[in-house]
């Protein structure tokens, strides 16, 4: 099978490329520039360079490469995003999730692509009891700076589903190339003691290792499921007050301090506070069944230990 990956140089894209090549598939990567793609080309990936927001170019690129399947993983999220400026820092990602998705989906339809898979997020559901399934509503009244970000996610999912594609909602990503990697920005902040437990730390995170995100995409490419959207997360949703101290322990860092929401809001804004106090975990039950998939890292606990136990502070 020939698979076009839009965003092949990203954290999930690199894992997906390796898994597809190992399985004997032909991989075509779409990226804005050559800067981060030399190693992929050396492994036999055909890279195509251009702007996913240039509709004419996207239509021609997909037509010319003639893939059997297309995977949309394009984002432009800063390595260390500022939650107070999320509306500004996610502006390009918002366009990639709206205009970029429309361009890719329309190009795929014109080229007769059989399968389209797009990347979404599994942590913007309205608060509720237990892990959210795919039918749970999204946040109805997020902090103002986050509203354009959430609307772009809604648009991405709508465009994909209208085209008959499959949306995979990933949890909080960890592993190589993420903020939770050995050299990641979030890990650096935890090491420096700059991430407190805010107002009890009751925000529930569902984590996804980037290799598990990729393996779910591989499964989706050959699955006959008609599900329009699936949560791809591990089996162990956990509140911040549980996973953050454990992450600090693994890193050999000081135990995170407590901080009130009012004080934290001055530093990280309304979205930052909600992120650390009000998120809901997600359930992977449908993905396990629909894709015959299961995460290799069933819990962030062993995943964090495997990724970071050799990186403790001196």
ask   = Here are 195, 190: which of them is in a loop (DSSP other than H, G, I, E, B), in contact with a helix residue (DSSP H, G or I) (Cβ under 6 Å, 6 or more places away or on another chain), at negative phi and surrounded by 15 or more Cβ atoms within 10 Å (Cβ to Cβ)?
value = 195
Unique match (being at positive phi and in contact (Cβ under 8 Å) with a residue 40 or more places away in the chain) among 7, 44 = 7
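Look through 262, 258 and report the one residue that is free of Cβ contacts under 8 Å to residues at least 40 places away in the same chain and within 24 Å of residue 192 (Cα to Cα).
262
So which residues in the range 27-40 are outside any strand (DSSP E or B) and within 21 Å of residue 218 (Cβ to Cβ), if there are any at all? Outline the logic, then answer.
Let us first name the residues in the range 27-40 that are outside any strand (DSSP E or B), namely 32-40.
Residues satisfying the conditions are 37, 39, 40.
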query = Residues in the range 130-151 that are part of a loop (DSSP other than H, G, I, E, B) and farther than 14 Å from residue 206 by Cα: how many?
reply = 8
remark   = Quick count over the range 1-36, residues being surrounded by fewer than 18 Cβ atoms within 10 Å (Cβ to Cβ) and within 23 Å of residue 95 (Cβ to Cβ), is 5
inquiry  = Filter the range 60-85 down to the residues that are closer than 13 Å to residue 109 by Cβ and assigned to a loop (DSSP other than H, G, I, E, B) and list them by number.
reply    = 67
note = By residue number, the members of the range 128-150 that are surrounded by 15 or more Cβ atoms within 10 Å (Cβ to Cβ) and farther than 20 Å from residue 208 by Cα are 139, 142, 143, 145, 146, 147, 148, 149
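Quick one: is residue 213 in a helix (DSSP H, G or I), within 14 Å of the chain's Cα centre (by Cα) and closer than 29 Å to residue 27 by Cα?
Spelling it out, residue 213 is indeed in a helix (DSSP H, G or I), within 14 Å of the chain's Cα centre (by Cα) and closer than 29 Å to residue 27 by Cα.
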Members of the range 223-240 found to be over 18 Å from residue 174 (Cβ atoms) and either buried (at least 17 other Cβ atoms within 10 Å of the Cβ) or touching a residue at least 40 places away in the same chain (Cβ under 8 Å) (or both), listed by number = 223, 225, 227, 228, 229, 230
inquiry  = Taking the condition of being part of a helix (DSSP H, G or I) and either closer than 30 Å to residue 145 by Cα or at pLDDT below 95 (or both), how many residues in the range 254-306 meet it?
reply    = 18
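The values are calculated or read from the model by the stated rules, or taken from the named source; none is laboratory data. Only a predicted model underlies this, so the values are computations on that prediction, with no experimental measurement involved. No Cβ is skipped: glycine too gets one built from the backbone with ideal geometry, and neighbour counts run over all protein chains shown.
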